[in-house]
Amino acid sequence: MSAKLPRILFLHHAGIVGGAELHLLSLVRHFGSRARVLLFSDGPFREMLDSTGVSVRVLRSKWTTSGVRGGTPRFNVVSVADVLRLGWATAEAMCDADVVWANSPRALFVASVAQLIRRRPLVWYLHDLLEPSHFSASGIRLIVSTANARANRVLTNSRAAADAFVRAGGRAELIHVLYYGFEVPPLSPEPSNATRTTGVFGRITPWKGHDVVLRALARVPNVTAIFVGDEEDPDYANELRRLARELNVQDRIRFLGFRENVAELMRSVGCIVHASTAPEPFGRVVVEAMLAQRPVIATNAGGVGEIVEHGVSGLLVSPRNVDALAGAIRRIFEHPAESRLMAERGRERAMEMFSEERMFRQIEQHLTEVLSDR
Ligand code: UDP
């Protein structure tokens, strides 16, 4: 840890684990004793944060836990009172922080209230695409106007997310793209060419497109799949099991639940499919697949097109296109030499664009600028 790092208070609303949380975890590790974390719900993410040794406090709130991680935060009399309460407690915690980092729209609202009591530079990391596929129009207006009024800087994970912010009325001079950074995993031995298994990694929730993968599997014989991820939406997960039986692919699919050893599991499959049906703000699993040097197939929407160059470092297909996905899976398994080359180029590209060192350097630069603008 560098002694020059500012003291930073991280705010986050969710207790579950997804991309935004894993990104925050790596920042908390980097800032070490200079960091403190306030969470607005308890859960497995708190346990992960505790393992870093950094001070973590949970201020429970019904408002922040209603619904899943994404989506539009809703307001009524009760939730407004809750946000004020959280804002008050956050202002107290801001006493010994040089800068506040809000890690979600809900955290941004709370930080904005806290700032009325105690002013500190506020950085908001926007992990989401502010588009109708993910948020209501009124929610987007509220989020963007709050950021315009209260944030000193907005950082985001892709050009696509930055453009959506500006299209929604966000101030262009406020927002900067700061790609996620990843640890580079060692390469364990490759699975044999005979491994005709695809892996789908991510929360099981409708817009991640697991149903499209099942339909594609039904068109490609002898290929099996593993679904790795938390069943965030249990109804959708049950619907997937029913669909698998209907398509008669139930014996070729395994649900593994949430796993911490994603890098290792990625190395064990012949190809990795990312099938999101709505534009993905970034798509961490796509970069992780490239770093694992596996051929990757991803849907071309949102930030994913910034990560993969079609036919060079992976294959891109249009969202919801079952035929295109089935064709891409066939291409990966029927052309092993081409697949191997794409996987090698993918790893090189991911190491170049998405290293942790680059990310931490850029974050420190942003914080220096924000603190010197005061
Ligand atoms: N992930 C995990 N265990 C699982 C499934 C996913 O640790 O069982 C991780 C995955 O490695 C990735 C993150 O969860 O780092 C998901 O990030 P992504 O940007 O792909 O999707 P998000 O959840 O943010 O929509």
Max mean-square fluctuation residue, GNM over the chain, Cα-Cα springs under 10 Å, options LEU130, LEU22, LEU315: LEU22
Taking segment 107-157, the equivalent ellipsoid from its C-alpha gyration tensor has semi-axes in Å, biggest first, of 21, 12, 8
Stokes-Einstein at 4 °C, 1.567 mPa s, Kirkwood radius from Cα pairs: D for segment 280-374 in µm² s⁻¹? 89 µm²/s
Which of rounded, prolate or oblate describes the chain when judged by the alpha-carbon gyration tensor and an a/c cut-off of 1.5? prolate
Pairing the Cα long axis of helix 234-246 with the longest principal axis of the chain, what angle in degrees results, from 0 to 90 and rounded to the nearest 10? 10 degrees
Expressed in angstrom and rounded, the centroid-to-centroid distance over alpha carbons for segment 68-123 and segment 255-314 is 33 Å
Any chance you could run the full-extension gain for SER136 through HIS335? It's 0.36 nm times the residue separation minus the Cα-Cα distance, nm to one decimal. 67.3 nm
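Which of the trypsin sites (Lys or Arg not before Pro) across segment 143-218 are loop residues per DSSP, with 15 or fewer other Cβ within 10 Å? Mind dumping the intermediate values first?
Working: sites: ARG150, ARG153, ARG159, ARG167, ARG171, ARG196, ARG203, LYS208, ARG215; in loops: ARG171, ARG196, ARG203.
Those satisfying the criteria are ARG171.
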Cα principal axis extents for segment 220-292, largest first, Å: 35, 27, 22
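Just to be sure I follow: if Rg is taken over the C-alpha atoms of segment 139-285 and Rh is the Kirkwood radius over the same atoms, what is Rg/Rh? Write out the running numbers ahead of the final one.
Values: Rg = 18.9 Å, Rh = 17.6 Å.
Result: Rg/Rh = 1.07.
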Using a basic spin-label model with each label point 7 Å from the Cα along Cα→Cβ, how many nm lie between HIS310 and CYS95? 5.7 nm
Which residue fluctuates most in the GNM of the chain (Cα springs below 10 Å): VAL296, VAL113, VAL286? VAL113
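Name the shape class, rounded, prolate or oblate, that the alpha-carbon gyration tensor gives for segment 192-257, where a ≥ b ≥ c are the square roots of its eigenvalues, rounded holds for a/c under 1.5, and otherwise prolate holds if a/b is larger than b/c and oblate otherwise. Intermediate values should be presented prior to the final figure.
Numbers: a/c = 2.09, a/b = 1.39, b/c = 1.51.
Verdict is oblate for segment 192-257.
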Cα-based Rg then Dmax for segment 1-63, in Å, read 11.3, 38
For helix 336-353, what angle does its Cα long axis make with the longest principal axis of the chain, in degrees from 0 to 90 and rounded to 10? 10 degrees
How large is the charge dipole for segment 263-363, taken about the Cα centre, if only the Cβ atoms of Lys, Arg (+1) and Asp, Glu (-1) carry charge, to the nearest 20 debye? 100 debye
Helix-derived [θ] at 222 nm for the chain: sum -39500 (n - 2.57) over DSSP H runs of at least 4, divide by residue count, nearest 500? -13000 deg cm²/dmol
Could you tell me what percent of the DSSP beta bridges with both partners in the chain are antiparallel, to the nearest 5? 0 percent
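Is the shape of segment 293-344 rounded, prolate or oblate, going by the alpha carbon gyration tensor and its root eigenvalues a ≥ b ≥ c, with a/c under 1.5 for rounded and a/b larger than b/c for prolate? Each step should come with its number before you reach the end.
Details: a/c = 2.86, a/b = 1.20, b/c = 2.38.
It is oblate, given that a/c is not under 1.5 and a/b is not larger than b/c.
What area, in nm² and to one decimal, does the C-alpha convex hull of segment 44-160 cast on average over all directions? Display every interim value, and only then the final one.
Numbers: hull surface 31.4 nm².
Convex hull of Cα atoms, orientation-averaged projection: 7.8 nm².
Just to confirm the filter: which GluC sites (Glu not before Pro) across segment 322-365 are DSSP coil and have at most 12 other Cβ within 10 angstrom of their Cβ? Spell out each step's value before the answer.
Values: sites: GLU334, GLU338, GLU344, GLU348, GLU352, GLU356, GLU357, GLU364; in loops: none.
In loop regions of segment 322-365 (DSSP not H, G, I, E or B), there are no sparsely surrounded GluC sites (Glu not before Pro).
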Between ARG245, ARG219, ARG267, where does the largest GNM mean-square fluctuation fall for the chain, given springs only between Cα atoms within less than 10 Å? ARG245
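Bear in mind these aren't lab numbers, they're just calculated from the coordinates by the rules spelled out. Everything numeric in this text was worked out from a predicted model, so none of it was measured. A quick note on method: Cβ atoms are made from the backbone with ideal geometry, for glycine too, and the neighbour counts reach across all protein chains shown.
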